[in-house]
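Heads up, the thing below is written out as structure tokens.
Quick note: the coordinates plus some simple rules give every number you see, no bench work behind them. As the structure is a computational prediction, the values presented were derived from the model and not from experiment. Glycine also receives a Cβ, built like all others from the backbone with ideal geometry; neighbour counts cover every protein chain displayed.
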Amino acid sequence: RSKEMGKNQTHFYSKVIHDAIHRKVELERELHNAVTKDEFVVYYQPQIDCSTEKIIGAEALVRWKHPTKGLIGPYEFIPIAEEIGLIDKIGEYVLETTCERLGYWNEKYKILGTRFSVAVNLSPLQLSLHGFVETVQRILKKHKVNPEQLELEVTESTLIKGTDASSQVLFDLANLGIPLALDDFGTGHSSLLQLQKYPFQILKIDRSFVQSIEDNPDDIVFLEAINAFSKTLGILTVVEGVETKAQKEWCQKLSFDRIQGFYFAKPMPVNEFEDLLLKMDLQH
Ligand code: C2E
Ligand code: MG
Ligand code: MG
Ligand code: MG
């Protein structure tokens with residue numbers, strides 16, 4: 001009997017694995033079409049000023065509007081895009097779409113000169129693309145966006161895997177006046193030394209910290225230390241993944257600069273985000 005169950009289990013797992021591989025192969029094939037057919041959309045998740053609780057910007061997060069499979073998240077298709085050489089096109093689409101919107105908001109909502117900015121995630125591969133800095137510069141100019149209105153986020157794995165040339169790109173982007181953010185801090189091989197070594201202006205603390213804050217006092221000690229260190233270096237802190245009122249209050253108590261999370265809003269389509277913008281007071 002147990003032998004029989006074991007066999008069924010094996011059968012079950014091999015089916016799960018088979019389905020997963022099948023889906024990946026399909027997505028790989030369909031991703032090429034998605035690029036030419038323009039099937040991507042950019043969602044915006046508000047970032048909130050920790051003390052005033054007002055919106056001071058957003059993070060741009062890409063989704064794939066698949067014609068039959070529904071909305072597919074970046075955790076699933078970005079790694080595939082990186083593997084099959086499509087990340088440059090998708091990455092540029094996200095940059096262009098975001099800057100186009102920022103340019104439009106500059107005209108329509110007069111956000112130029114306010115603290116409002118939008119963050120875009122970069123894949124490590126984009127940093128080694130030929131002429132990447134020039135591409136960013138061209139897109140900013142085309143849409144009349146100031147460099148400080150666009151933030152660029154990279155993760156620590158980017159820095160670890162990166163070559164000297166890609167680290168030079170980070171310096172070049174920072175020299176243009178674009179604020180750089182170190183994303184997902186606290187996952188993987190974290191080192192505060194990265195903050196000193198590279199021109200980061202923003203530190204994004206991974207959601208794993210805030211999510212255990214209520215039952216793990218060690219996290220509070222750690223967060224206090226990160227915050228103190230960041231303040232000393234003049235680096236702005238963003239806490240990701242704030243889902244509850246209690247977590248928000250902890251962030252305020254520890255005096256972080258910004259928060260982002262489902263407690264305030266999930267990532268949303270641009271029209272919904274614009275409705276929010278219309279209701280808010282812009283902070284100067
Ligand atoms: P990320 O840059 O760390 O973005 C934050 C992720 O956390 C988003 O997932 C967001 O929806 C999610 N999140 C925000 N608040 C909460 C919360 O309170 N609770 C929980 N559980 N999750 C929250 P999303 O949109 O699925 O994106 C996943 C990752 O995909 C991003 O992580 C980023 O690394 C990558 N990504 C997204 N857009 C792009 C892009 O345009 N280019 C590249 N290269 N990567 C992207
Ligand atoms: Mg990010
Ligand atoms: Mg993150
Ligand atoms: Mg991430």
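Given Cα pairs under 8 Å that are at least 6 residues apart, what percent is the relative contact order of region 1-129?
Computed value for region 1-129: 22 percent relative contact order.
Can you check what the Kirkwood hydrodynamic radius comes to for the chain, Cα pairs only, in Å to one decimal? If you can, show how the numbers build up before the last one.
Details: mean 1/r = 0.0491 Å⁻¹.
About 20.4 Å, per the Kirkwood formula over Cα pairs.
Which chymotrypsin sites (Phe, Trp or Tyr not before Pro) in region 235-277 pass both tests, a DSSP loop state and at most 14 other beta-carbon atoms within 10 Å?
F262
What base-10 log of the normalised intensity I(q)/I(0) is obtained for region 130-194 from the Debye formula, alpha carbons as equal point scatterers, at q = 0.16, 0.26 Å⁻¹?
Taking Cα atoms of region 130-194 as identical point scatterers yields -0.57, -1.17.
Where is the GNM fluctuation largest for the chain (alpha-carbon springs, 10 angstrom cutoff): T68, T97, T187?
In the Gaussian network model the winner is T68.
Across every pair of different alpha-carbon atoms, what Kirkwood hydrodynamic radius in Å does region 1-153 reach?
Evaluated on region 1-153, it is 17.8 Å.
In nm², what is the average projected area of the convex hull enclosing the Cα atoms of region 155-251?
Answer in nm², one decimal: 6.3.
May I have the extent of the alpha carbons of region 43-107 along their three principal axes, as whole Å values ordered from largest to smallest?
42, 24, 22
Cut-off is 10 Å between beta-carbons; in what order do I213, I160 appear when sorted fewest neighbours first?
By the 10 Å Cβ count, ascending: I160, I213.
In terms of Cα to Cα distance under 19 Å, which lysines are near enough to K110, apart from those fewer than 8 places away along the same chain?
K54, K141, K142, K144, K279
Near the amide H of I111, under 5 Å away, which other amide H atoms are found, from residues 5 or more places off or on another chain, if H is placed in the peptide plane?
N106
Please check: in the Gaussian network model of the chain (C-alpha springs, under 10 Å), which one of K266, K89, K37 has the largest mean-square fluctuation.
In this elastic network of the chain, the residue with the biggest mean-square fluctuation among K266, K89, K37 is K37.
With springs connecting C-alpha atoms under 10 Å apart, model the chain as a Gaussian network and identify which of G85, G177, G241 has the largest mean-square fluctuation.
For the chain, modelled as a Gaussian network with Cα springs under 10 Å, the answer is G85.
Which percent of Cα pairs goes in each bin when the distances of region 1-91 are cut into 5 angstrom slices starting at zero?
Bin by bin from 0 Å, the calculated values are 3, 11, 17, 16, 11, 10, 10, 9, 7, 4, 2, 1, 0.
How large is the Kirkwood hydrodynamic radius of region 98-223, in angstrom, based on all distinct alpha carbon pairs?
Numbers: mean 1/r = 0.0632 Å⁻¹.
With all distinct Cα pairs of region 98-223 included, I get 15.8 Å.
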